Amino acid sequence: MLKEIKVLKSHGRQYIKNLRTQPVSGLFRGRPVISGDMTIQEIENVSAICPVMAIDNRSGSIDLGRCTFCKECSFLLPEKIRFTNDYRITSNLRETLVIKPGSENPVRLEETIVRKEIRKLFKSALKLRQVSAGGDNSTELELNACGNVNFDMGRYGIEFVASPRHADGIVITGPLSRNMAEALEITYNAVPSPKIIILAGTDAISGGIFEGSPAIDRSFIEQNNIDLYIPGNPVHPLTFINGVMDLIGITP
């Protein structure tokens, strides 16, 4: 027994103590900052190289719901566009994900539109069913990491469950393929009310590089209220956990 205790002690503290302020690598691509003095020609050039049309060709704003964080825009105009390592970039308003030139404001939830039952019922415990609707397994892997010993979101009662009947909401990853449309609907209907919907990743929010494909069916998004948009390609565990904590009102 003493030997086991010594081994555990030698490992030190493995979990991240404060998920709100944990620093990440300088290579991380989070919230972009765009210069307010870009010329018309620079805006046209940078929007033309974006593979997913995330950059508006008139204003130069970047839509994080479309952005794949490839950083091509920053490589072209390093003095005008830079990606910070701010991973708190979730919102419950789709338009809030559009980062405008000259703005350095953080991305946050609009508190006035958070449904009251979410804070009332799910603040102490939130169980989620993840649905990969045509995903490539990148965001899915990151969501798995949210519950590991390092991030340990379970300490706040946030967990993924195997059955939608045991869940309080669903987390959708992937661009929503036609082959998954019926399965997604069945899963959502099996979740007891009230229930929440979270879109995790660029593909889920906008379709990403698959937007406009005939293999995609995004009617579910159009027909239902989305409670949380979590950008990323893939989503970082800290982005996901902080976004969910903000939604249900956890302030550690």
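The values are calculated or read from the model by the stated rules, or taken from the named source; none is laboratory data. All of these numbers come straight from a predicted model, not from anything done at the bench. Heads up, the Cβs are rebuilt from the backbone with ideal geometry, glycines too, and the neighbour counts pull from every protein chain shown.
Given the structure, is Leu93 aliphatic (A, V, I, L, M), over 30 Å from Val191 (Cα atoms) and either without any contact (Cβ under 8 Å) to a residue 60 or more places away in the chain or outside the structural domain of Ile226 (by TED's automatic domain parsing) (or both)? Answer is no for this residue. Of the residues making up the stretch 37-55, one or more are touching an Asp or Glu at 6+ places or on another chain (Cβ under 7 Å), more than 15 Å from Leu238 (Cβ to Cβ) and not in a loop (DSSP other than H, G, I, E, B).
Every listed requirement among (1) charged (D, E, K, R); (2) at pLDDT below 95; (3) within 19 Å of the chain's Cα centre (by Cα) is met by Arg155 save one, (3). Residue selection: Arg29 fails the criterion of being surrounded by 11 or more Cβ atoms within 10 Å (Cβ to Cβ) and touching a helix residue (DSSP H, G or I) at 6+ places or on another chain (Cβ under 7 Å).
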